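Engineer: I have a structure here, written as structure tokens, and I will follow up with some questions on it.
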Amino acid sequence: MIADTAFIIDLMHNDERAVAKLQELIRRNEPQSVTALTIFELFSGLARCNKPVEERNKIMKTLGGQLVVHLDSDSAEKGGEIDGSLIKDGKGIDVIDCMIAGIALIKNEIVLTRNVKDFSRIRGLNLELY
């Protein structure tokens, strides 16, 4: 299962729904991972925040022990197809979400997210919500 950036941020903020979902995943012994793209988004936000030391500590604590999945060429191709198709249909979403979806589809993984609005536009993508 690939955790979307929103899930990681919600964990960092001790969101009740995210924490409960994490506990459920642990009970189910469900392997979890994040993409390198999520790390990019987190550190982009870190560079803009007012408390970088505190936020960096939250990021490192939340990501500790997570498997990191990278954007390989097959996943990039799939993500690009998703992005282009959605834009062509007038339903574009954030390009990083397209890349995360590309990774998930190529790796046959589920995306853990609360962002149903955008991720549900991607045909064939399996979502787990919290």
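Here, each number is a calculation from the coordinates, and none is a lab measurement. In this text, all values refer to a predicted model and were calculated from it rather than measured experimentally. A quick note on method: Cβ atoms are made from the backbone with ideal geometry, for glycine too, and the neighbour counts reach across all protein chains shown.
Engineer: Hey, what do the phi angles of the range 22-29 turn into as Karplus ³J(HN,Hα) couplings, whole Hz, using 6.51/-1.76/1.60 and θ = phi - 60°, x for Gly and Pro?
Structural biologist: With coefficients 6.51, -1.76 and 1.60, one gets 4, 4, 4, 4, 5, 4, 7, 6 Hz.
Engineer: Would you mind checking which residues have amide H under 5 Å from I110's amide H? H placed 1.01 Å from N; only 5 or more apart, or other chain.
Structural biologist: I2
Engineer: At 222 nm, what helix-only mean residue ellipticity would the chain give, in deg cm²/dmol to the nearest 500, using -39500 (n - 2.57) for each DSSP H run of four or more?
Structural biologist: Numbers: 7 runs with 78 residues, N = 130.
The helix contribution divided over the chain gives -18000 deg cm²/dmol.
Engineer: Between E54 and D15, what is the spin-label point distance in nm, taking each point 7 Å from the Cα along the Cα→C-beta axis?
Structural biologist: Going from the E54 label point to the D15 one covers 2.0 nm.
Engineer: Run the reach check for K51 against lysines, Cα to Cα strictly under 25 Å, same-chain hits fewer than 8 apart removed. What comes back?
Structural biologist: Within reach: K61.
Engineer: Report the Stokes-Einstein translational diffusion coefficient (µm² s⁻¹, integer) for the range 2-129, Rh taken as the Kirkwood radius over Cα pairs, at 20 °C with viscosity 1.002 mPa s.
Structural biologist: Answer, rounded: 142 µm²/s.
Engineer: Across the range 114-130, in residue order, what do the Karplus-derived ³J(HN,Hα) couplings come to in whole Hz, using 6.51 cos²θ - 1.76 cosθ + 1.60 with θ = phi - 60° and x for Gly and Pro?
Structural biologist: 10, 8, 5, 3, 8, 5, 5, 6, 9, 5, x, 7, 8, 10, 10, 9, 9
Engineer: What are the ³J(HN,Hα) couplings of the range 103-108, residue after residue, when phi is run through the Karplus curve with 6.51, -1.76, 1.60 and θ = phi - 60°? Round to Hz, x for glycine and proline.
Structural biologist: For the range 103-108, the Karplus curve yields 4, 4, 5, 5, 8, 6 Hz.
Engineer: In straight Cα distance, which lysines are under 30 Å from K78, not counting same-chain residues fewer than 8 positions off?
Structural biologist: Answer for K78, where 30 Å is the Cα cut-off: K21, K88, K91, K107, K117, listed by chain and number.
Engineer: Still on this structure, I have one more. Would you mind computing, in nm to one decimal, how far apart the modelled labels at R28 and A76 are, each placed 7 Å from Cα along Cα→Cβ?
Structural biologist: Between R28 and A76, the label points sit 3.2 nm apart.
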